[in-house]
Amino acid sequence: MNIKTLQSKSIEYRKTILEIIYKSGAGHTAGSLSCIDILNVLYNKILKVDPSNFNSNDRNHYIQSKGHSVEALYTILCDKGFYTKEQLLTLNKFNSHFIGHPTRKVFGVEHNTGALGHGLSVAVGMAIGFKLDTKPYSVFTLLGDGELSEGSVWEGLMTANKYNLDNLIIIIDRNRLQITGETENVNPLEPLKEKFTSFGLSVKEVNGNSVEDLINVFKEVPFENKKPNVIIANTIKGKGVSFIENEVVWHHKVPDDDQYTKAIDELNKQKIQLEND
Amino acid sequence: MIEKANLEVFSETLLDLARHDKDIVVVTSDSRGSGKLTNFGKELPDQIIEVGIAEQNLVAICAGLSAVGKKVFGVSPSSFLTARALEQIKNDIAYSNHPVTLVGISSGVSYGQLGSTHHSIHDIAVLRAINNLNIVIPCDNFETKKIIQAAVNFNEPLFVRFGKKPMLKIHNDNQSFKIGKGISIKEGKDLVFIATGETVQRAYKAIEILEKDNFKCTLISMHTIKPFDESLFLDSIKHTRGIITLEEHSESGGLGERCSSILAQKKITTNFKIIGFPDEYMINGSQSDVLDHYNMEPKRLAEIAKNLIS
Ligand SMILES: Cc1ncc(C[n+]2csc(CCOP(=O)(O)OP(=O)(O)O)c2C)c(N)n1
Ligand SMILES: [Mg+2]
């Protein structure tokens, strides 16, 4: 899949994210839009996970620790053929398995998340397991930047370092916002890269909304022999829709009719522009 | 009459009190929006401490603030507050005896479709097993206000939980209120409903249905789970034909099992039914859909009541 195809997919994914949030009347809009390029590259280029091999343990694994961005995950799994669009549209409906956080009742979901600060340690467990069996698989996990305030994250990092987990790839969705406001006001994280480095991890920063940059950085894994990998993915929360970008209220705001039409319109224009480039 | 959400009353009451008492401090974990404390933060920025998404940190910091004389309210979603930070509650608050008020917002199944990670249907059970922790659950705006007012100068660790939906007015404003003393809302001989928190409202509606069919029911708002008002419970059930307990919580370890243990140990045999969430993978739905599904729809409650005593 070439860069342009991936970029086009990102736009389609953003439209689906907005559609399912709009139609189900609930969702974490901005966080899903901020991380979708990362999921796009992972599932279409890197992970090699699909419905045919998902039930085997012998494959790469992905845990979405920032579970609230479930619409991004459900959207990509739908595109990968884990279920139909019709099934996806039961999101948040009574008795549907498609609830507002990742659950293993939905085919393709690796781990139940939603309470922040759990995914990394579970990923560490998986990565240690692969090392014990000398299997060549990697474990990827996506964390929010606000999520880094949970102390359990730092416990996991220390274990990752101890066991030299160069098969662990920790991606931080560094959109600089959480529910209350800017991460640097709520609970300052900087200097973030240095924090990870001092914990013994190997860190790279990329533009987390550029599929090209993301592909390149994943190709460099493992960054260093015997060191766990951290990718600080600098993203824009709400990326792709002008009036959602960097607006803190859109953390869990649902678009109304007008906003939905406008957002889809903007994304359609981006698609035309991309095709004409 | 529909009033405000208990959440709203909590935040207004607390802001009112904090304006006149500089020792009141609120601690939040990226939860000031969910706790309706944004105005509090704007008006009294020096009385709100923000710790980021770190509930364990929050609870232990509350203990520290209390230890140096602050009147502390730790506010976070009940699920994270009571599951994530359980050891801090047990050791730093209850065991160490710091009179902090822990406020579990969006409790029970308030988060609806957000699912099990966000539901707190375990909180009463786990906290009941911890010594030196009072547990209070308001059923309406009146009880919420009274609890928050009492909490400021309450000398013991306290846990309060409530939801975020507008509530019916249940009590008159001249009703007396004391933590530890349940309130009898209605009295009738056929059946007794013992409910806690916002499920009192569902029992209230069920009783309205039953009254049309000439059943006379007692309704107790058992707002305090710990210490439990055993004498009110025993008085209320003296001549009844059946008892139904109601809670937005697992059937395990909550109000219903508290009552059943008293009944068994007092050798009282009667028709008795616990209504709460069964031990199963919970169905997906909005808060009210989930409550309805698990027998808490007023119409269904009325049927269960009739069957129980027929
Ligand atoms: C343990 C826990 N505490 C609180 C929450 C509530 N919550 C959901 S999302 C969120 C903010 C997350 O911010 P961030 O990690 O930066 O995610 P993003 O900006 O990518 O949406 C919070 C506090 C939670 N889900 N889990
Ligand atoms: Mg963020």
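Things to note:
- Of B:Lys90/B:Lys145; B:Lys169/B:Lys306; A:Lys269/B:Lys36, pairs whose Cα-Cα distance is over 28 Å: A:Lys269/B:Lys36
- Here is the list for the range A:55-126: chymotrypsin sites (Phe, Trp or Tyr not before Pro) lying in DSSP coil, each with at most 15 other C-beta atoms within 10 angstrom of its C-beta, are A:Phe94, A:Phe107.
- Under DSSP loop assignment and at most 12 Cβ neighbours within 10 Å, longest GluC sites (Glu not before Pro)-free interval of chain B: B:1-186
- Between helix A:119-132 and chain A: long-axis angle, C-alpha atoms, 0 to 90°, nearest 10: 50
- Of all aspartates and glutamates in the structure, those lying under 13 Å Cα to Cα from B:Lys164, and not within fewer than 8 positions of it along the same chain, are B:Glu3, B:Glu8, B:Asp140, B:Glu198.
- Taking every DSSP beta bridge that has both ends in the protein assembly as shown, the antiparallel portion is near 15%.
- Taking 23 Å as the limit for the C-alpha separation, the pairs A:Lys162/A:Lys204; A:Lys15/A:Lys85; A:Lys162/A:Lys237; A:Lys4/A:Lys135 exceed it in the case of A:Lys162/A:Lys237; A:Lys4/A:Lys135.
- Neighbour count of at most 16 Cβ within 10 Å plus DSSP loop: longest GluC sites (Glu not before Pro)-free window in chain A: A:1-219
- Buried solvent-accessible surface, both chains (A, B), 1.4 Å probe, Å² to nearest 100: 2000
- Loop-located trypsin sites (Lys or Arg not before Pro) in the range B:162-218, at most 16 other Cβ atoms within 10 Å (DSSP): B:Lys169, B:Lys189, B:Lys216
- Restraint check, B:Lys22/B:Lys71; A:Lys48/A:Lys227; A:Lys239/A:Lys271; A:Lys45/A:Lys193; B:Lys205/B:Lys299, Cα-Cα greater than 18 Å: A:Lys48/A:Lys227; A:Lys45/A:Lys193
- Chymotrypsin sites (Phe, Trp or Tyr not before Pro) within the range B:248-310, DSSP loop, no more than 12 other Cβ atoms inside 10 Å: B:Tyr281
- Solvent-accessible heavy-atom area per residue, rounded to whole Å², over the range B:183-309 at 1.4 Å: 41
- Computed over protein heavy atoms with a 1.4 Å probe, the carbon and sulfur contribution to the accessible area of the protein assembly as shown reaches 47%.
The values are calculated or read from the model by the stated rules, or taken from the named source; none is laboratory data. Note that the coordinates shown come from a computational prediction; the quantities given were computed from them, not determined experimentally. Cβ coordinates were reconstructed from backbone atoms using ideal geometry, including for glycine residues, and neighbour counts include every protein chain displayed. Accessible surface is based on the protein model in full, side chains and every heavy atom, while ligands, DNA and RNA are left aside. Shrake-Rupley method; radii C 1.70, N 1.55, O 1.52, S 1.80 Å.
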